[in-house]
Amino acid sequence: MQNRQFILKSRPEYLAGPENFDLKISPVLPLKQGEARVAVEMVALSAWQGMRTKDFKNFIRPFDLGELIDCDVFGKIIETKCSDLPEGVSVVGRLGWQDYAVIKPEQVSIVSKEFSAEEWLTALSSPGQTPYLALSQVARPMPGETLVVSSAAGAIGVYTVQLGLLSGMRVIGIAGGSRKTEFVTTKLGAHACVDYKSKSFKADLANACHDGANIYFDLVGGETADAVSENLAKNAKILMVGRVSANNSNDPEWDPANMRHVWSQEATIYAFSRYSYKNLFPSVNAKIGRLLKQKLLKMHNTNFSGFENTPSILNQMLSGQHVGKVLIKYADTKGNRI
């Protein structure tokens, strides 16, 4: 049995693409005592994967040249020499772009069949947990307040918009292009969504935020964040969750921030990471799970198939071509590799 892996070949100047990765094929090695083998069935692509292909300081170290590209996966244990990891159970973990992974118990979480692979990799993972925790533990929104969400059509943004609406907030999305802005209003239900690519972006944003933004869920930073800062309400809360604009640029260290308006409105900036709330993951997933079952929270993913398509699909995602979480199937329903 052979294992396909994608490793980092070179560092991109701008967005990572197929030219930056090498396909490595090697034989599957025998298991040692205490190990199990996972057949990867589905992988989730994330903006941080593109960020880690570059060599600059951030919340997580860059990939080394020749290193397996890491990502969250859903898989099934097909062979085991570990009593804590029985054959046939499904697991999630950060196991990377490969067909098969050798694991120990601390590397994965066993998940129930109560939810699908897609749900475990989206609503019940970073995309759903991040806004749930940021809003419930930090921002604590009140009904009637205005929430502005950048990258509103993205993996985390789609859940932030929905959770904001469930909290009784007036939700304003920011997205790029008419296809995405229409998706945010018609599919997600946001009260408005403005196009940051439009020449009238600043005017449209000011019109949408006519009473000021009480909470800004900032996933991108850069000039978009500066524009929102001009429309903050008094004592607004800024949740700094991501810096996609800078991370995807050819100069990641340059990240403008118009602090004058933040100061004048006496706003508070909160740097947020869900990893500071790991102890709450089980209870948060229980609550998100109930919302999924009640159909109050819905998935909005872009799905693909085929292991060897992974690098090109990452490039498409980083360039903003898709909505929601981007998922790739590595196996069909019978477990055959694809």
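Before moving on, here are some points about what is shown:
- Within the stretch 168-184, the set of residues being among the hydroxyl-bearing types (S, T, Y) and either assigned by TED's automatic domain parsing to the domain that holds V43 or surrounded by fewer than 19 Cβ atoms within 10 Å (Cβ to Cβ) (or both) comprises S178 only.
- Taken over the stretch 191-206, residues that are over 19 Å from G320 (Cβ atoms) and buried (at least 18 other Cβ atoms within 10 Å of the Cβ) amount to 1.
- Filter result for T181 (farther than 25 Å from N285 by Cβ and at pLDDT below 95): no
- Screening the stretch 29-41 for residues that are more than 22 Å from I328 (Cα to Cα) and surrounded by fewer than 21 Cβ atoms within 10 Å (Cβ to Cβ) and picking the one that is modelled with the lowest pLDDT gives L29.
- Of all residues in the stretch 130-162, those satisfying the criterion of being aliphatic (A, V, I, L, M) and within 22 Å of A267 (Cα to Cα) are L133, A134, L135, V138, A139, M142, L147, V148, V149, A152, V161.
- In the stretch 50-64, residue farthest from P12 (Cα to Cα) [restricted to those that are surrounded by fewer than 14 Cβ atoms within 10 Å (Cβ to Cβ) and out of contact with any helix residue (DSSP H, G or I) (no Cβ under 9 Å at 6 or more places or on another chain)]: K57
- Wholly enclosed helices (runs of 4 or more DSSP H) of the stretch 239-338 bearing at least 1 residues touching a residue at least 40 places away in the same chain (Cβ under 8 Å) and in contact with a Phe, Trp or Tyr (Cβ under 6 Å, 6 or more places away or on another chain): 281-293, 310-318
- Residue within the stretch 270-278 that is within 28 Å of L8 (Cβ to Cβ), in contact with a strand residue (DSSP E or B) (Cβ under 6 Å, 6 or more places away or on another chain), assigned by TED's automatic domain parsing to the domain that holds T186 and surrounded by fewer than 16 Cβ atoms within 10 Å (Cβ to Cβ) present: yes
- L15 falls short on exactly one of the conditions (1) of a type in the set (A, V, I, L, M, F, W, C); (2) in a strand (DSSP E or B); (3) surrounded by fewer than 21 Cβ atoms within 10 Å (Cβ to Cβ), and that condition is (2).
- Across the stretch 78-121, the number of residues qualifying as surrounded by fewer than 14 Cβ atoms within 10 Å (Cβ to Cβ) and on the phi > 0 side of the Ramachandran plot comes to 1.
- Helices (runs of 4 or more DSSP H) (entirely within the stretch 89-204) containing at least 1 residues that are closer than 30 Å to R37 by Cα and in contact with a Leu (Cβ under 9 Å, 6 or more places away or on another chain): 117-121, 126-133
- Index of the failed condition, A44 passing every other in (1) buried (at least 17 other Cβ atoms within 10 Å of the Cβ); (2) part of a loop (DSSP other than H, G, I, E, B): (2)
- Residue-level analysis places R94 among those that are under 20 Å from the mean Cα position of the chain (by Cα), of a type in the set (K, R) and within 23 Å of H322 (Cα to Cα).
- Residue within the stretch 23-37 that is under 30 Å from S151 (Cα atoms) and either assigned to a loop (DSSP other than H, G, I, E, B) or out of contact with any helix residue (DSSP H, G or I) (no Cβ under 8 Å at 6 or more places or on another chain) (or both) present: no
Here's the yes/no breakdown for (1) surrounded by fewer than 21 Cβ atoms within 10 Å (Cβ to Cβ); (2) among the small types (G, A, S); (3) over 15 Å from A117 (Cβ atoms):
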position	(1), (2), (3)
S305	yes, yes, no
N309	yes, no, yes
L318	no, no, yes
K325	no, no, no
D332	yes, no, no
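- Residue among V92, V108, V43, V38 that alone is of a type outside the set (S, T, Y), in contact with a Phe, Trp or Tyr (Cβ under 6 Å, 6 or more places away or on another chain) and in contact (Cβ under 8 Å) with a residue 12 or more places away in the chain: V92
- Test set (1) surrounded by 17 or more Cβ atoms within 10 Å (Cβ to Cβ); (2) of a type in the set (S, T, Y); (3) in the same structural domain as V323 (by TED's automatic domain parsing) - S150 fails condition number: (3)
- Condition met for L188 (farther than 22 Å from S46 by Cα, modelled with pLDDT of 95 or more and not aromatic (F, W, Y)): no
- The number of residues in the stretch 96-113 being under 12 Å from V40 (Cβ atoms) and of a type in the set (G, A, S) comes to 2.
The values are calculated or read from the model by the stated rules, or taken from the named source; none is laboratory data. Computed from a predicted structure; not experimentally measured. Using ideal geometry, Cβ is built from the backbone for each residue, glycine included, and neighbour counts are taken over all protein chains shown.
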